[in-house]
1. By DSSP, what percent of the beta bridges with both residues in the chain are antiparallel, rounded to the nearest 5?
2. State the antiparallel share, in %, of DSSP beta bridges confined to segment 118-210, rounding to the nearest 5.
3. Karplus couplings for segment 33-40 from phi (6.51 cos²θ - 1.76 cosθ + 1.60, θ = phi - 60°), rounded to Hz, Gly and Pro as x?
4. Quick one: putting +1 on the C-beta of Lys and Arg, -1 on the C-beta of Asp and Glu, what dipole do you get for segment 118-210 around its Cα centre, in Debye to the nearest 20?
5. Pop a pseudo-label 7 angstrom from the Cα along the beta-carbon direction at both LEU366 and ALA202 and give the gap in nm to one decimal.
6. Using mean Cβ contacts within 10 Å as the protection proxy, how do 271-283, 170-182 order, highest first?
7. Order of 379-388, 340-349, 117-126 by packing, highest average Cβ count within 10 Å first?
8. In sequence order, what are the phi-derived ³J(HN,Hα) couplings for segment 308-319 according to the Karplus relation 6.51 cos²θ - 1.76 cosθ + 1.60 with θ = phi - 60°, rounded to whole Hz, with x for glycine and proline?
Amino acid sequence: MPLVITETQDYIKLAASLVPVFAQTAVERDKQGGTAKHERSHLRQSGLLKLIIPKEYGGLGETWITTLQIVRQFAQVDSSIAHLFGYHHLQVITPYLYGTPEQAQNYYTWTARHNWFWGNALNPLDKRLTLSSDGKNYRLNGLKSFCSGAQDSDMLTVSALPIGESQPVVVAIPTFSHGITVHDDWDNIGQRQTDSGSVSFANVLVKEFEILANPESTGTPFAALRIYISHLVRVNILLGIALGAFAQAKEYTTTTTQPWVASGVHSATADPYILQTYGKLWVDLNAATVLSDEAAEKFQAAWERGRQLTADEFGKTAVAISTAAAFTTKVGLEITNQVFELMGARATATDYGFDRYWRNLRTLTLHDPLAYKIQEVGKWALNREFPRV
């Protein structure tokens, strides 16, 4: 039976009811790759795709704090679903950040009314997609890579380089537009059901109202928040993966792991090395959780400032998010690797699928290298230099 949201429902509890559904098939689906069609249908039926849309436009009017907590919940059992869910909301608010007030209102309203699932073809480092004028409208031609969520989506945010110009523009168009082909070519070691392959565009029609161009937004601290929403979603996916790996390791250790012969004890739960390592990982996880929660609270405050957000407020928010990202990346890589030392050799059996935690986390962290993230924090710590708007 489809889950239906009412005004008084607790959205985090609603999301928690989906977690066992996703967990049941997570290991097998990770092996298969492809599109999580069944799970995406659950997200559609839940009503949670409208979570961040203001109530006046038909949405649920929830905060980023709630949204990110749900991302984290999902990631503990299935980081691909968490990825699709989190980045859907990033695309949903893009017309609000980059577009005119009318565009923001229209896309919010249409998304809530039709329960759209958003994907993207917005990778700014891939400049192979161009936008040209045909006199009355515009046309998209080319290819985009790393298009998370594009498969089985209703709408796409797309970045393209106008012919003869050096700065890209962002458009919001239906995925089923004539000339769009979403390729089933995502075959990486991790995040295997994020539909992050390529999308090609062959003379795709773009109308004026689909180009998100608000001169008052260009270069503002508020518009610059978009990339940090992306980082913050990733922070909570990484933290969720680490929490999930820790929980699975704990269950396995207490039920299955045998103490090492040189430990001098008869139970893995009394092994001094295992106890020492679990203690360290627990401390690190709690620290990562605090940093992630603080970053989310700072971001929500910045979001509520809207276009009144100052460069100083933006900078403090960005540093908080980068700090959480750096620490969560470090802790996540350690945990998803060290859990095997705690569980033992038998835990490497493919039936368990414990390796997916490391593969998923390793794949995600490469999109935002730790060394550069720490350098960004270092510029603030040493020179009080904020990230640029």
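Quick note: the coordinates plus some simple rules give every number you see, no bench work behind them. This structure is a prediction, so every number in the text was calculated from the model and none was measured. Positions of Cβ are generated from backbone atoms using ideal geometry, with glycine treated the same way; all protein chains shown enter the neighbour counts.
1. Expressed as a percentage, antiparallel bridges in the chain total about 75.
2. 75 percent
3. Along segment 33-40, the couplings run x, x, 9, 7, 4, 4, 6, 5 Hz.
4. Details: 7 positive and 11 negative charges, 53 e Å.
The calculated dipole for segment 118-210 is roughly 260 debye.
5. 3.0 nm
6. 170-182, 271-283
7. Highest to lowest by the protection proxy: 117-126, 340-349, 379-388.
8. Here the 3J(HN,Hα) series is 8, 4, 8, 5, 5, 5, 4, x, 5, 5, 4, 5 Hz.
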